[in-house]
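J.: Take this structure, written in structure tokens, and hold onto it; I'll ask about it next.
The values are calculated or read from the model by the stated rules, or taken from the named source; none is laboratory data. None of the values given here were measured: they were computed from a predicted structure. Positions of Cβ are backbone-derived with ideal geometry, glycine not excepted, and every protein chain shown enters the neighbour counts.
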Amino acid sequence: MKTRRLAGLDFQEDHSAFALPNETVLGLYPELLRELPVGVALLRLEDPSDAESFRIVDANRAAAGITMSASRMLLGKTLADFPKLMETPLPGQLLDIVQTGEARDLGEIAYGDDSIRAGVYSVRAFPLSGNYLGVAFEDVTERIQAERTLRESEERFRLLVEGVQEYAIFQLDSEGKVVSWNAGAQRLKGYNSAEIIGHHFSIFYPQEDLMNNKPREILARAARLGRTEDEGWRVRKDGTRFWANVVVTALRDSNGNLIGFAKLTRDTTENRERAEALTRAKELLELRVEQRTAVLTRVNNEMRTEIAERQHAEEELRKSRDQLRALAARLQSVREEERTYIAREIHDELGQACTAIKMDLALIGRKLTSRQTALRAKVDSSIQLVDGTIVTLRRIASELRPRTLDDLGLPAALEAQAQEFESRTGIHCSVILPPEPLTLDTDRSTAIFRIFQESLTNVARHAHATRVEARLQREDNHIVFQVFDNGTGFDPEVVKARKSLGLVGMQERALLLNGEFKTEGVPGSGTTMTLTIPLSPSTAAESVRHEDFDR
């Protein structure tokens, strides 16, 4: 019990029980009232036989606070002014202290009325000189409530620890012997409290850990650090092992002295097995990844080789295609040249020859007499035959290379071709030309005209149309030529599968001029052919390829 000295007086700090000296030290009493943090009142007994005659002759501020009055208002009051207080044993106890002259600790008293704040008070009375009595009292309600709350909390914690089934929670003394045991510890380790309390906790460790002094090292580490955690094998009562996660906490008293250890043990065998299984799976996965990586590397190398070979083949194919297109362009050019030459020869040589024959036959006819009827008929028949031959020669020459295309240009050639097609097939054919004059080079004019010829041939053979319309127009830096018919139409995929040579030829003509050729056909709705070629001359590379081919 500690004793503190204030204002020349000693008092004991034991639940607010204060010890004052038996002698009266009135000269120091005002300082006492100011210094003490507890309520102190000075009573004088006016009638030694009547406890109601205790009168308050002095009180400090703490006493005034408890009685909810100012200090001066308390002075002069007797115990009779506190009727409910007179109903308690306190007045009689105070009277007995004055009569016996012995200080007494009256313990803790629960009290409260209209004048005194309700609470629990620790009270001690001290006899002074004559009929004076000192009473010290302190409100300990909060402390009692805190102690009650602490006891309840400790009880709940004790019940919680004892009821936990998942964890082994127990306490060791400073030497490592078991001093408490919960239900979780019994379930996990197999010992009941009577079997294990008093035994050293090393009983839970396998032999190899005991040989290495592991239990002692764990306690030493916990004592040094305050807390330590460990994982390892532990042994049950029946000798079976389990993998445990253990937390050991050092327990110390208020002076810092080691009084024991708290130990929490959790069975993590399943977690360890899952972790090991996961590790094995990871190692297997890494092995498979390595194997798969090796396979992918090999396949990747093979693919690189194959890609390189394919790129080489594509490059060779491109070169071959370029050569074929250059050949096709050359063949087209040679073909047009041959057609032009043959058409010119037919028109000039054979035409002149036929004209001369017709003139000779006409001369012979004029020389015949009226009696040479049979011979005249033969001459007339020959003249008609020559006239038919001349018409046929002109038609063949026009089909090979129309002079209109070279002499009058593409627009006139298109119109002439449309008129010839209409007169030959009976299918109405019209050509819409741009309003402004249009001058094209020979290659473009020839390509457009030949594509128009091929389109009309396809219409005559397959379309069953009654009307054909062609449109030539200029859009920006391109020439757009369209041919539309109102025939039966076609499915482009079917035609593509058949690989129509006519369409292929028209497309190749467009490609040779860096153009684009499209056909759009819907069964029952006719067909539209569209040719788009740039106005600029062929690229230098295309010309170089043609020149190389010629060489």
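J.: Considering region 170-207 alone, what residues qualify as being within 21 Å of residue 233 (Cα to Cα), of a type in the set (D, E, K, R) and not in a helix (DSSP H, G or I)?
T.: Passing the criteria: only 177.
J.: Report, ordered by the first and then the second residue, all pairs with beta carbons closer than 9 Å, sequence separation of six or more or different chains, a first member in region 90-101 that is free of Cβ contacts under 8 Å to residues at least 12 places away in the same chain, and a second member that is in a loop (DSSP other than H, G, I, E, B).
T.: 96/102
J.: What's the number of the only condition in (1) surrounded by fewer than 16 Cβ atoms within 10 Å (Cβ to Cβ); (2) touching a helix residue (DSSP H, G or I) at 6+ places or on another chain (Cβ under 9 Å); (3) assigned to a helix (DSSP H, G or I) that residue 421 fails to meet?
T.: The failed condition is (1).
J.: Moving on to the next point. Suppose we filter 223, 281 for residues that are assigned to a helix (DSSP H, G or I), without any contact (Cβ under 8 Å) to a residue 40 or more places away in the chain and surrounded by 13 or more Cβ atoms within 10 Å (Cβ to Cβ); which single one remains?
T.: 223
J.: If you don't mind, another one. So, of the residues in region 96-123 that are among the charged types (D, E, K, R) and either at pLDDT below 85 or touching an Asp or Glu at 6+ places or on another chain (Cβ under 6 Å) (or both), which turns out to be farthest from residue 141 (Cα to Cα)?
T.: 114
J.: Given (1) at pLDDT below 75; (2) among the hydroxyl-bearing types (Ser, Thr, Tyr); (3) surrounded by fewer than 12 Cβ atoms within 10 Å (Cβ to Cβ), where does residue 340 come up short, assuming only one miss?
T.: Here residue 340 clears every test but (3).
Residue-wise test of (1) farther than 25 Å from residue 467 by Cα; (2) within 60 Å of the chain's Cα centre (by Cα); (3) in the same structural domain as residue 453 (by TED's automatic domain parsing).
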residue	(1), (2), (3)
369	yes, no, no
373	yes, no, no
380	yes, no, no
386	yes, no, no
390	yes, no, no
395	no, no, no
413	no, no, yes
418	no, no, yes
425	no, no, yes
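Yes or no, residue by residue, for (1) out of contact with any Lys or Arg (no Cβ under 8 Å at 6 or more places or on another chain); (2) of a type outside the set (A, V, I, L, M); (3) in a helix (DSSP H, G or I):
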| site | (1), (2), (3) |
| --- | --- |
| 56 | no, no, no |
| 62 | yes, no, yes |
| 73 | yes, no, yes |
| 76 | no, yes, no |
| 80 | yes, no, yes |
| 84 | yes, yes, yes |
| 93 | no, yes, yes |
| 99 | yes, yes, yes |
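J.: Only one of these is under 30 Å from residue 449 (Cα atoms) and either modelled with pLDDT of 80 or more or assigned to a helix (DSSP H, G or I) (or both): 383, 396. Name it. Full working, then the answer.
T.: On the way: 383 fails: under 30 Å from residue 449 (Cα atoms).
Being under 30 Å from residue 449 (Cα atoms) and either modelled with pLDDT of 80 or more or assigned to a helix (DSSP H, G or I) (or both) holds for just one of 383, 396, which is 396.
This table checks each residue for (1) surrounded by 15 or more Cβ atoms within 10 Å (Cβ to Cβ); (2) modelled with pLDDT of 75 or more; (3) aromatic (Phe, Trp, Tyr); (4) over 51 Å from the mean Cα position of the chain (by Cα).
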position: 136; (1), (2), (3), (4): yes, yes, no, yes
position: 141; (1), (2), (3), (4): yes, yes, no, yes
position: 151; (1), (2), (3), (4): no, no, no, yes
position: 175; (1), (2), (3), (4): no, yes, no, yes
position: 178; (1), (2), (3), (4): yes, yes, no, yes
position: 182; (1), (2), (3), (4): yes, yes, no, no
position: 190; (1), (2), (3), (4): yes, yes, no, no
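J.: Being farther than 24 Å from residue 439 by Cα and loosely packed, with under 15 Cβ neighbours inside 10 Å is the filter here; which residues of region 468-484 pass it? Write out each step before concluding.
T.: To start, the set of residues in region 468-484 that are farther than 24 Å from residue 439 by Cα comprises 468.
Listed by number, the list is empty, since nothing qualifies.
J.: Please go through region 197-207 and pick out each residue that is under 50 Å from the mean Cα position of the chain (by Cα) and more than 18 Å from residue 182 (Cα to Cα).
T.: 205, 206
J.: Evaluate the following for residue 264: is it exposed (fewer than 15 other Cβ atoms within 10 Å of the Cβ) and under 21 Å from residue 197 (Cα atoms)?
T.: Here the answer is no, as residue 264 does not meet what is asked.
J.: Please specify each residue of region 249-261 satisfying the condition of being at pLDDT 90 or above, over 51 Å from the mean Cα position of the chain (by Cα) and either small (Gly, Ala, Ser) or surrounded by 16 or more Cβ atoms within 10 Å (Cβ to Cβ) (or both).
T.: The one that is at pLDDT 90 or above, over 51 Å from the mean Cα position of the chain (by Cα) and either small (Gly, Ala, Ser) or surrounded by 16 or more Cβ atoms within 10 Å (Cβ to Cβ) (or both): 260.
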